[in-house]
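Inspection log for the structure reproduced underneath, given as structure tokens.
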Amino acid sequence: MSQSAPNAIQLQSAGSQSTLAPLPRPPDVQNPPSHSWASLCGPPPWGLSCLLALQHILVLASLLCTSHLLLLQSLPAGGLSFSPAQLLASSLFACGVSTSLQTWMGSRLPLVQAPSLQFLIPALVLTSQKLPLALQTPGNSSLVMRLCGGPGCHGLELWNTSIREVSGAVVISGLLQATLGLLGGPGHLLPRCGPLVLAPSLVVAGLSVYREVALLCFTHWGLASLLIVLMVVCSQHLGSCLLPPRPWRPASTSSTHTHILAFRFLSVLIPVACVWIVSALLGLSIIPGELSAPTKAPWFWLPHPAEWDWPLLTPRALAAGISMALAASTSSLGCYALCGQLLHLPSPPPHACSRGLSLEGLGSVLAGLLGSPMGTASSFPNVGTVGLLQAGPRRVAHLVGLFCVALGLSPRLAQLLTTIPLPVLGGVLGVTQAVVLSTGFSSFHLADIDSGRNVFIVGFSIFTALLLPRWFREAPVLLSTGWSPLDVLLRSLLTEPIFLAGLLGFLLENTIPGTRLERGLGQGLPPPFTAREAPMPQKSKERADQEYELPFSIQNLCPCIPQPLRCLCPLPQDSGNEERGPSEPGETADLLPDFGDQCPQPSRRESQ
């Protein structure tokens, strides 16, 4: 085992080259910077690709089980007329189809689609208002809603109606997302979204799930702590250790690229397997009862619409669907920027983001029609896994899509994911979300963080986005307009931390005057590049243009696309021009152009 061997297999971020090449060590650098391990020279072997895909499946399982568990946890026994395993299988099938479409002709980034927690909050608001609730005040604590169990309450069949209504909201949110992408919504928003909009959104995205992580880890803090320690050791302390992929072969037959960063690339699979074995040896079976129903699930089934019943479309479902679409779109755009930043590519162009949102919307429509109460969106924990492994091959994302479709066709196999102990799921979710949080903090350096304007925008956006959801969660009776659909819409939007952070950051960034230099706009370089890497940016942009382009077979269809939908296709002038608008450093906030004379005109920054 060697920590300084110069030859290591490097994984390609999203491309599909078929050769492997050694990465030369810089002559005067003992420990290469962490971002150098994401420089990609070729796709991994198929065996390693399958292991990497399995890790993403484990991360996806943490979101899948958490979202469905929190939604079904308050269901009384026998409340569902079908097996929870079939519910998980339908969600996995929709995630697999959406992931395959996303990596093939969507944003083209290796993004795994999962049941995002952005769908969970409106779903909980919708079901809590649908069910008869009794308000209790235990001592001096806040008002707490409890399921009504008295003789005047309705029967349990109301739960099935609620699940159908949530599925209807998922369908509506998918249609709205698809429409937003087809109309080129990201193309109008992205030029006005700088680091001061992205960074608070990523920070809040990392912090917003701490309650869910704590609930999962609370079931056994020992196992959760062991998993977190192992993941940190494998990914960070042993991340530079090089191991031969075929140790049984003689040394004479080994080539120059026969070493891999095994501990870093498998920093999720190895800890999960170890802790799972320890829990089995200790006899600790920490499995949620809501997801492991005694009803046996079939080995094979074909998900199809109206398996149990058609989604229920109501005015309240429409209100919840609108909030789902806005929150999921905000989250997905942040995922696109985060994935590009972790893979050291320029920000995705508007046409790639528009295609990504459109196909995510179609995935949510499919999930809702299949009866799933959760839509599909780009997964922050899976993007955090890309940063943890420092490798994101597109081949792995394709395999994840195929594996999810296979699991969706077999509810019995999908039920195996529910046998993962809850503290394991919580530990995986916590470590991957920490990567998202830290990447959000690292985005601040693109802007002038010492500026009083920027300090206020960042602090106010993050604090308010975390305060309002806590406030309305503790006292839900504060929002009662007397019209149920409006109550659902307001409660859903005002308890979505990522949406609030993105909205507040966008409004403050574009209304408070400031120069482009101060706002971190127009620099034209991805963050990892430094002055000594001057030849790299142009090559990176050219490679990024190739990564975000549509497949060649689909590019031929672009001239046939109607003019209103041309925003989905890259234009010749888009190449190497991710930043839109004038480049004067004295440019002020876009929504308040009259304040231009109040801002000093700094000297033009020398291009790096």
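Key figures for this structure:
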read-out	value
16 Å reach of a label modelled at L284, 7 Å along Cα-to-Cβ, counting backbone N of the range 404-427	419-427
Rough spin-label spacing in nm, given labels placed 7 Å along Cα→Cβ, for V229 and H304	5.3
Amide hydrogen neighbours beyond the local backbone of A377, cut-off 5 Å, H modeled	A114, S116
Gap separating the Cα centres of the range 79-127 and the range 186-240, nearest whole Å	20
Rounded percent of accessible protein surface that carbon and sulfur make up, the range 460-499, 1.4 Å probe	75
Computed over the range 313-464, Cα set: Rg, Dmax in Å	18.0, 56
Residue order for H237, H68, H304 - accessible surface, 1.4 angstrom probe, largest first	H237, H304, H68
Computed over the range 299-377, Kirkwood Rh from alpha-carbon pairs, angstrom	14.3
Label-point separation, A273 to I561 (7 Å along Cα→Cβ), nm	4.3
Fraction of the pair-distance distribution of the range 462-523 above 20 Å, Cα-Cα pairs, percent	43
Rounded FRET efficiency, nearest 0.05, which uses the C-beta distance separating Q546 from R470 and R0 of 41 Å	0.40
P(r) histogram, all alpha-carbon pairs of the range 342-392 included - 5 Å bins from 0, percent	5, 18, 17, 21, 20, 12, 7, 1
Per residue, in Å², the accessible surface of the range 351-442 once ligands and nucleic acids are set aside, probe 1.4 Å	19
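The values are calculated or read from the model by the stated rules, or taken from the named source; none is laboratory data. Just so it is clear, the structure is predicted and the values come from calculations on it, not from any experiment. Please note: Cβ atoms are built from the backbone with ideal geometry, for glycine as well, and neighbour counts cover all protein chains shown. Just so you know, the surface numbers come from the protein's heavy atoms only, side chains and all, with ligands and any DNA or RNA stripped out. Shrake-Rupley method; radii C 1.70, N 1.55, O 1.52, S 1.80 Å.
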